[in-house]
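Working notes, beginning with the structure itself.
The values are calculated or read from the model by the stated rules, or taken from the named source; none is laboratory data. From a predicted model like this one, the values you see are computed outputs, not experimental measurements. Counting neighbours? That spans all protein chains shown, and the Cβs are built from the backbone with ideal geometry, glycine included.
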Amino acid sequence: MKLSPNDFGNGLEQHVLTLLWRHWAALGAATHVPAEDRYPLDLEALLCATRVLSEHDGRLDKLASEWLSANGGLVSASRLGRIRRDFEKTAGHVKVALVQPGMSMRLDGWLGRHGSPVGQPDSGAGRSGSRPSLEDAKASRSTEKSAWVSAPPVWPAAAQLTLRRLFGVNARAEVLLYLLSGAAGSSAGIARSVGYDQKSVYRVLESWVEAGMCSRPGTAARRGYGLTRTGEWQRLLGFDTPVAFVDWPSALLPLLLLLRAASAAPRQDDSYLLSSLMRDLDAPLASTCRLFRLPFPDSRTRPGAAFFEPAAKAVLDLAGAMAGEEG
């Protein structure tokens, strides 16, 4: 059956919304969607994606606002800004509006609503003066129906937040999460993957080399910095099996751009214009497809609108796999 631009947009919206709901469910959101339990989520990428998709599902706005009012101290303000700027830069390059005219990708509206201490260090969870708990936040708004349930975060989805509680909201938590997957790389490559500047990442890696926790590139058959006893660290931190590291900002952005493009003129009903956008995004799409062991068509062999249908089907398969809806 031929896939139309409208069918593509509807299918993509369903998959991406399911993906976001699965991630929020892993943090304790009350939803019928099963929680993400395969990959560590990325809080700042989730917040940016939720901002974009709040127009498609208004409940997401309330969800993020409630979570931030209680847990804003776990958000990296610098990393959030970096991801937001990357999203906006790419969107400007391909001429896609991620949000409605007059609406900002900035999260000031969410944060200012409850005065959330975004990016502030935790002054000591469980002690006097610590950030408010989710229960405190729900009690302060007892007249509203909360979007949250009293359930512990799902592992390994909440691994990033666990590491931030252990190491603080800084590059250490992100670098360790990356290395726990068994990956290795240069300081520049790891910095790109985790969303921190190279200098900060380099200092973390070198301090861990001195502590015997990491090996340098070129040692122990390493092609880059890596943990010296990966399995022991995985078991210590609760990883029963190695978990793949997903670069969620890079994985989510192409889907968000395609969804927004398929939802508005001039691309909304135009397979040629949508196929052109897919060509512009084929490198990140193909990279994410490889991570999820899915094929992505070669744009060079399908000129013009002929690229739309095979690429659109591949994007839907990818979005479904990311949302846990394979098959």
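Name every residue in segment 154-186 that is under 18 Å from GLY28 (Cβ atoms) and either free of Cβ contacts under 8 Å to residues at least 12 places away in the same chain or more than 18 Å from the chain's Cα centre (by Cα) (or both), in order of residue number.
Within segment 154-186, just ARG165 meets the criteria.
Looking for something closer than 30 Å to ARG267 by Cβ and touching an Asp or Glu at 6+ places or on another chain (Cβ under 9 Å) - is there at least one such residue anywhere in segment 64-79? Give the derivation first.
Going residue by residue through segment 64-79, those that are closer than 30 Å to ARG267 by Cβ are 64.
The next check asks that each one be touching an Asp or Glu at 6+ places or on another chain (Cβ under 9 Å); those that pass are none.
Checked segment 64-79: no residue is closer than 30 Å to ARG267 by Cβ and touching an Asp or Glu at 6+ places or on another chain (Cβ under 9 Å).
Does segment 236-288 hold any residues that are farther than 21 Å from GLN14 by Cβ, part of a loop (DSSP other than H, G, I, E, B) and hydrophobic (A, V, I, L, M, F, W, C), and which are they?
Listed by number, the residues that qualify are LEU237, PHE239, VAL243, ALA244, PHE245, ALA265.
Residue-by-condition table, conditions (1) in contact with a Cys (Cβ under 9 Å, 6 or more places away or on another chain); (2) at pLDDT below 95; (3) closer than 25 Å to LEU98 by Cα:
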{"site": "ASP7", "(1), (2), (3)": "no, no, yes"}
{"site": "ARG22", "(1), (2), (3)": "no, no, yes"}
{"site": "ALA25", "(1), (2), (3)": "no, yes, yes"}
{"site": "TYR39", "(1), (2), (3)": "no, yes, no"}
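Residue by residue, here is whether (1) under 24 Å from GLU174 (Cβ atoms); (2) of a type outside the set (A, V, I, L, M); (3) in a loop (DSSP other than H, G, I, E, B) holds:
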position	(1), (2), (3)
LEU12	no, no, no
LEU20	yes, no, no
THR31	no, yes, yes
ARG38	yes, yes, yes
THR50	yes, yes, no
ASP61	no, yes, no
ARG82	yes, yes, no
ARG85	yes, yes, no
GLU88	yes, yes, no
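Could you check, for segment 134-146, whether at least one of its residues is of a type in the set (S, T, N, Q), modelled with pLDDT of 50 or more and assigned to a loop (DSSP other than H, G, I, E, B)? Let's see the steps before the verdict.
Initially, segment 134-146 is screened for residues of a type in the set (S, T, N, Q), giving 140, 142-143, 146.
Next cut, modelled with pLDDT of 50 or more only: 146.
Those left that are additionally assigned to a loop (DSSP other than H, G, I, E, B): 146.
Yes: segment 134-146 contains one or more residues that are of a type in the set (S, T, N, Q), modelled with pLDDT of 50 or more and assigned to a loop (DSSP other than H, G, I, E, B).
Which members of segment 248-276 meet the condition of being surrounded by fewer than 21 Cβ atoms within 10 Å (Cβ to Cβ), under 18 Å from PHE307 (Cβ atoms) and hydrophobic (A, V, I, L, M, F, W, C)?
LEU273, the sole residue that qualifies.
If you check every pair at least six apart or on different chains, which have Cβ atoms under 6 Å apart with a residue in segment 243-271 that is touching a residue at least 60 places away in the same chain (Cβ under 8 Å) and assigned by TED's automatic domain parsing to the domain that holds ALA91 first and a residue that is of a type in the set (Lys, Arg) and part of a loop (DSSP other than H, G, I, E, B) second?
ALA261/ARG267
If the Cβ limit is 7 Å and pairs must be 6+ apart or interchain, which residue in segment 64-87 that is farther than 19 Å from ALA158 by Cα and buried (at least 19 other Cβ atoms within 10 Å of the Cβ) pairs with which residue that is of a type in the set (A, V, I, L, M, F, W, C) and modelled with pLDDT under 90?
That search, which allows pairs on different chains as well, returns ARG84/MET105; PHE87/MET105.
For LEU68, state whether it is of a type in the set (A, V, I, L, M) and within 23 Å of LEU237 (Cα to Cα). Step through it out loud before you land on a result.
On the way: of a type in the set (A, V, I, L, M): yes; within 23 Å of LEU237 (Cα to Cα): no.
So LEU68 fails the test.
Filter segment 171-208 down to residues that are of a type in the set (A, V, I, L, M, F, W, C) and closer than 19 Å to LEU236 by Cα, then give me how many there are.
First, the residues of segment 171-208 that are of a type in the set (A, V, I, L, M, F, W, C): 171, 173, 175-177, 179-180, 183-184, 188, 190-191, 194, 201, 204-205, 208.
With the extra rule that they be closer than 19 Å to LEU236 by Cα, the set shrinks to 173, 175-177, 179-180, 183, 208.
Result for segment 171-208: 8.
Can you name the residue in segment 188-235 that is among the small types (Gly, Ala, Ser) and assigned to a helix (DSSP H, G or I) and is also surrounded by the most Cβ atoms within 10 Å (Cβ to Cβ) among such residues?
ALA191
Select from segment 205-219 the residues that are in contact (Cβ under 8 Å) with a residue 12 or more places away in the chain and polar (S, T, N, Q) and list them in ascending order.
Within segment 205-219, just SER215 meets the criteria.
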